[in-house]
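The values are calculated or read from the model by the stated rules, or taken from the named source; none is laboratory data. Predicted, not measured: the structure shown is a model, and the values here were computed from it. Quick reminder, even Gly has a Cβ in these numbers, built from the backbone with ideal geometry, and neighbours come from all protein chains shown.
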Amino acid sequence: MRVTVKQEHLARGLDIVSRAVSSRSTLPILGNILLATDGGRLRLSATNLEIGINCWIGARVDDEGATTVPARLFTDLVKSLPPDQVSLEYVERNKTLNLRCMRDEAHIKGIDAADFPTVPTYEENGGLQLDADTFRQMVEQVSFAAAVDDSRPILTGVSAKFEPNKLTLAATDGFRLSVRTAELEHGLAQPLNVIIPARALAELARIAADQEEPIAVSIARNRNQILFHLANVDLVSQLIDGNFPDYNQIVPKSHNTRAVVDTRAFLAAAKRAALFARDGANIIRVKLEPGEGSELGQMTVSAVSTEYGDNVSQVDAAIEGQSLEIAFNAKYLQDALSVMDAQQVNVEMGTPSSPGVFKPPSGDFTHIVMPMHISR
């Protein structure tokens, strides 16, 4: 293999695929990145056997070939190089990749590319097309609510329900639930439910930050893998086997108190209260009091620290129903408001011991947070 690439293109490609490199595997090859010529371009691949990423970058290919090199060493080296042409030549005889850039030269020992696991690539097979901006927002509003520990593997994933004209993503860790829906111009002919690891979707959102073209999605026939195709990047992920909880049973069907409040003002008040809540049980209290007649009501956000004091913020809100005080985990409340992409948020409460419901006026996103117990 002998190719020449631009340093900035190679560095960006390595940054994309390196997130799929295994850090704790007993297989040394999984700590490497595959470099292979492919149709006049250079393909970079990495996998930890759960997530795999392919990235293609422009290159001048003089000789075809492939090899694998240590991911961390190669990535750090390339990022440190000056912004110029990088020449890569793999010498089969001693399994070494020779790198040259201006006055720098390095020789990196690799592992044979034949030992590298296959990372599937996208094939034009009538897959689903998703608007990049919409799908990225859906992932950002849902994936953070998935569980981070593996005690219940199902909850580390995001439920994806594909319908003929709609896609629904949902995630829960048992303390909160995020559900986001979006209309599809061309969905699947038959409804399909899969569970995608939240980490894979978070990586997809990161990679697709500048993506403008639609994201193509295809699911393996045996339903054990899902593949996302972006401009010059493919991300493939194993699917989680099992049944996702019926989250529709968690969503409250009614409420006694409803408030419409400015999202930024509510979030700012929650952040101030969180400064005091973090030294205790991380409890933030939210009190809703309807106004008299046509007057606006008052939302009071507060927290108490036994060591440092307390904080109280008042926010005007349109409140209907009964007066109510409820407590939430400070982090969960901030997380919910941070992904609320709307100027106002609707807050619905039943009782101090029932879940709080947060959703934008559009109604396409619902976030539910379980309350915390507070002593009277």
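Only one of LEU73, LEU35, LEU30, LEU81 is crowded, with 22+ Cβ neighbours inside 10 Å and of a type in the set (A, V, I, L, M); which?
Within the list LEU73, LEU35, LEU30, LEU81, the selection yields LEU35.
Under the condition of being touching a residue at least 24 places away in the same chain (Cβ under 8 Å) and assigned to a loop (DSSP other than H, G, I, E, B), which residue from segment 285-334 is farthest from the chain's Cα centre (by Cα)?
Out of the qualifying residues, it is GLY291.
Would you check if LEU88 is crowded, with 18+ Cβ neighbours inside 10 Å, within 24 Å of ALA200 (Cα to Cα) and touching a strand residue (DSSP E or B) at 6+ places or on another chain (Cβ under 6 Å)?
Judged against the criteria, LEU88 is not a match.
Here are some residues: SER159, SER218, SER151, SER178. Which one is of a type in the set (Ser, Thr, Tyr), surrounded by fewer than 22 Cβ atoms within 10 Å (Cβ to Cβ) and over 29 Å from PRO28 (Cα atoms)? Full working, then the answer.
On the way: SER159 fails: surrounded by fewer than 22 Cβ atoms within 10 Å (Cβ to Cβ); SER151 fails: over 29 Å from PRO28 (Cα atoms); SER178 fails: surrounded by fewer than 22 Cβ atoms within 10 Å (Cβ to Cβ).
Just one listed residue meets the conditions, SER218.
If you check ALA200, ALA189, ALA216, which single one turns out to be under 30 Å from ASN48 (Cα atoms), in the same structural domain as PRO164 (by TED's automatic domain parsing) and out of contact with any Gly (no Cβ under 8 Å at 6 or more places or on another chain)?
ALA200
Given the structure, is SER353 surrounded by fewer than 21 Cβ atoms within 10 Å (Cβ to Cβ) and more than 12 Å from VAL261 (Cα to Cα)?
Yes: the conditions hold for SER353.
In this structure, is ARG72 in contact with a Gly (Cβ under 9 Å, 6 or more places away or on another chain) and outside any strand (DSSP E or B)?
yes
For residues that are out of contact with any Asp or Glu (no Cβ under 9 Å at 6 or more places or on another chain), hydrophobic (A, V, I, L, M, F, W, C) and within 22 Å of ILE215 (Cβ to Cβ), scanning just segment 162-175, find the one that is surrounded by the most Cβ atoms within 10 Å (Cβ to Cβ).
ALA171
Going by the conditions given, is SER218 among the hydroxyl-bearing types (Ser, Thr, Tyr) and under 30 Å from VAL17 (Cα atoms)?
Against the criterion (among the hydroxyl-bearing types (Ser, Thr, Tyr) and under 30 Å from VAL17 (Cα atoms)), SER218 qualifies.
Suppose we keep only residues that are touching a helix residue (DSSP H, G or I) at 6+ places or on another chain (Cβ under 6 Å) and over 12 Å from PHE175 (Cβ atoms) within segment 329-341. Which one would you say is surrounded by the fewest Cβ atoms within 10 Å (Cβ to Cβ)?
Per the criteria, the residue is GLN334.
Hey, among ALA171, ALA208, which residue is among the small types (Gly, Ala, Ser) and either assigned to a strand (DSSP E or B) or at pLDDT below 90 (or both)?
ALA171
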